[in-house]
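None of the figures in this text is laboratory data; all of them are computed from the coordinates on show. The structure presented is a predicted model; accordingly, all values stated were derived computationally and were not measured. Here the Cβ positions follow ideal geometry from the backbone for every residue, glycine too, while neighbour counts run over all protein chains shown.
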């Protein structure tokens, strides 16, 4: 609580003083924000989840995620520019891998957190042009209609 006109604060004596937290340089915090922005798309998160199990080329990511090749390539460019992934040319293909394991931990921790604390939902207005019909990635229950829904990237399909 504030105890005078100068903004001095009076702390409760019932708790101990907080442990000092490290103060990071603003440049480091800015770069961390850029990294998180690069990871802030469902398809890019899915790409990182694929790459945590090993290197993949574009056609393998397209097949695994059910997302069109141009969109995968676009997301890989974002991830490369943020130094999340890097590619190595092998003949006619480029093979992508994570820059380091810390990146996978960030994504896995985010998914674990959301899975523990948020009820699944289906966004009926999600973009649908980038998915391949029939690629099912999970199921959520729709209480309103009493049905289960198979959920893909960007669209849902009713299952009765």
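Could you line up 52, 37 from fewest to most neighbouring Cβ atoms inside 10 Å?
Neighbour counts put them in this order, fewest first: 37, 52.
For the peptides 53-63, 83-93, what is the packing order when you average, over each peptide's residues, the other Cβ atoms within 10 Å and list the highest mean first?
Listed from highest to lowest mean packing, they are 53-63, 83-93.
Stretch residue 32-residue 108 to full length: gain in nm at 0.36 nm per residue minus the Cα-Cα span?
25.7 nm
In whole Å, how far is the Cα centre of region 15-32 from that of region 44-84?
Using only Cα atoms, the two centres lie 32 Å from each other.
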